Amino acid sequence: MVSKIAMGLFTAGVLALGLSSAAMADAKASIEAREACMKANGAMMKVMVPVIKGQKPYDKAANDAAIAAAEAACAGWAGWWGEDTKPGGDLKTEAKAEIWTDPAGFEAAGGAYMKAVAAVKASADEASFKAAFPDLGKSCQGCHEKFRQADQ
Ligand code: HEC
């Protein structure tokens, strides 16, 4: 009888461990996915900023390729913000708790970014690209100021 109970507890313990490590793997994958998305955004900036600074000629194809890469890397965005990916846990993240306390603000920051990306995508010459770009830069900054750890 005692050993049966002990076995039951043991099994429950193993199951609980199994479940929490599966959840951890998901959280880790989510954080890695958002970092990869953001790295693609960083790469997009490296294509565009030199043009804005006059260090490289305008190149619509290069802009479009960088945007497409960022869009592809960020496609799963909505699914990467589980409770288990909050800061303060075992997993390292630059995400701020405000993402979860101000979901409307976070969504608005994402919306501003989407709108700015669309405007850059729609620009077809140097002048319209240069007119559209500042809002894109501001959208990165706007979200990071509120929702990304400032010291990293
Ligand atoms: C809607 C919010 C939001 C927008 C818009 C946004 N970011 Fe981020 N960014 C984040 C968050 C949150 C993190 C931290 C993610 C984490 O560590 O879990 C981050 C992290 C990063 C990182 C670090 C990635 C790493 O390897 O850890 C880079 C680089 C970055 N962002 C660049 C950009 C650029 C460039 C833009 C604009 C083109 C941009 N971001 C737009 C929210 C945003």
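Cross-link partners for Lys121 among the lysines, with Cα-Cα distance under 27 Å and sequence neighbours closer than 8 places in the same chain left out: Lys39, Lys46, Lys53, Lys56, Lys60, Lys130, Lys138, Lys146. Which is farthest toward the positive dipole end of the range 30-147 among His144, Gln55, Ala95, measuring Cα position about the Cα centre, with Cβ charges +1 (Lys, Arg) and -1 (Asp, Glu)? With unit charges placed on the Cβ atoms, the residue in question is Gln55.
Placing a pseudo-label 7 Å from each Cα along the Cα-to-Cβ vector at Lys56 and Glu126 gives an inter-label distance of 1.5 nm.
Computed from label points 7 Å out along Cα-Cβ, the spacing between Glu107 and Ala25 is 3.2 nm.
Shape of the range 100-152 from its Cα gyration tensor (a ≥ b ≥ c, root eigenvalues): rounded if a/c is under 1.5, otherwise prolate when a/b > b/c, or oblate? Oblate. Dipole magnitude for the range 69-109: about 80 debye, using +1 per Lys or Arg Cβ and -1 per Asp or Glu Cβ, origin at the Cα centre. Sorted largest first, the spans of the alpha carbon positions of the range 30-147 along the three principal axes are 45, 23, 21 Å. Amide hydrogen proximity for Arg148: with H placed 1.01 Å from N in the peptide plane, the residues at 5 or more positions away or on another chain lying under 5 Å are Lys96. Put simply, when 83-96, 129-142 are sorted by average Cβ atoms within 10 angstrom per residue, most first, you get 129-142, 83-96. When the range 30-147 is described by a simple charge dipole with +1 on each Lys and Arg Cβ and -1 on each Asp and Glu Cβ, the residue from Ala69, Gly82, Ala33 located farthest towards its positive end is Ala69.
Just so you know, all these numbers are worked out from the coordinates, no wet-lab data involved. Just so you know, these numbers come straight off a predicted model, no measurement behind them. Ideal geometry is used to build each Cβ from the backbone, glycine not excepted, and the neighbour counts take in all protein chains shown.
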